[in-house]
Amino acid sequence: MKTLKYIFAILILSVSFVSCSDDDENTSVEVNPVEGLAMIYEIPAADHTVQIYSEKTALEVGYNEISIRIKDKASDKYVTNAAPTWMPMMHMETMEHSAPHTMLKNDEESTVYKGYIVFQMAGNDTEYWEIALNYTLNGQAVEETLRVSVAQPADGLIKTQVFTGSDNIRYILAYVNPKDPQVAINDLQAVLYKMENMMSFPMVENYKITVDPRMPGMGNHSSPNNEDMIYNAASKTYTGKLSLTMTGYWKVNLKLLNANGDVLKGEDVTESNPESSLYFELEF
Ligand SMILES: [Cu+2]
């Protein structure tokens, strides 16, 4: 029995020794800058790989925060000077179009290029999305095109609205936060773009989005202390307050107003009109 214990102790020691020496070789015991993100695509190349990360395990219609890392195989290091740019493109049966997206920036983590894309529609059997990536690696310009699948959100709730305003302009409004709604006054955040043409989607600034959350399953009651979303120049998003007084299904009725206060889309909720044509859906 004693011998067995002795052997066991040696085994444990050797295992921990092996893992220790492993750690030492990797040296970087820093915090993983893509911790908690899912690697959804990896593009292999002869001398490097491109890794694409998202908070969710797949790309969905709506707002998708995306992180990109490029690993140089020769140095086994993530590149910090790749200066990548990207262009999402949907190949439809009769046309092609892009989607609202930010630039990729690595100012938070030098090895992680971060941005977001608002996919305004899902792919299907014959129509699909591609992301074209351009970057430099060891002084060479590189282009990669990645075919990605974009599905409707798994929960079936509407959080992205593509519509024509009363000004005849096409708009795309996408929900950003809260990702994890609480029975509380939540920080509400959304992004608003207009469609100038198939390839150009400028951000819309200084409009206003009114907020009226209701529970259709409970007499369409509302909640107190909501705040309309206004444009925040620092975050380049629309921010307001969303008051949720209980768990369940909420329809967040919205109205979009331009800088003159003209209503471009959406209606007030009244006795005779239970919902706005512009809304987000939540269930928690
Ligand atoms: Cu499309």
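Derivation of every value follows stated rules applied to the coordinates shown; laboratory data play no part. Everything quoted here is computed from the prediction, not taken from an experiment.
Worth pointing out:
- Amide H contacts under 5 Å for VAL204, placed H, 5+ residues apart: LEU192, TYR193, LYS194
- Taking 0.36 nm per residue of sequence separation and removing the Cα-Cα distance, the ALA234/GLU130 pair yields an extension gain of 34.5 nm.
- The value of relative contact order for the range 160-283, using C-alpha pairs under 8 Å at least six residues apart, is 23 percent.
- Fully extending the segment from ASN260 to SER166 would add 32.5 nm, taking 0.36 nm per residue of separation and subtracting the current Cα-Cα distance.
- Crossing angle, helix 2-26 versus the chain [Cα axis fit, 0-90 degrees, rounded to tens]: 60 degrees
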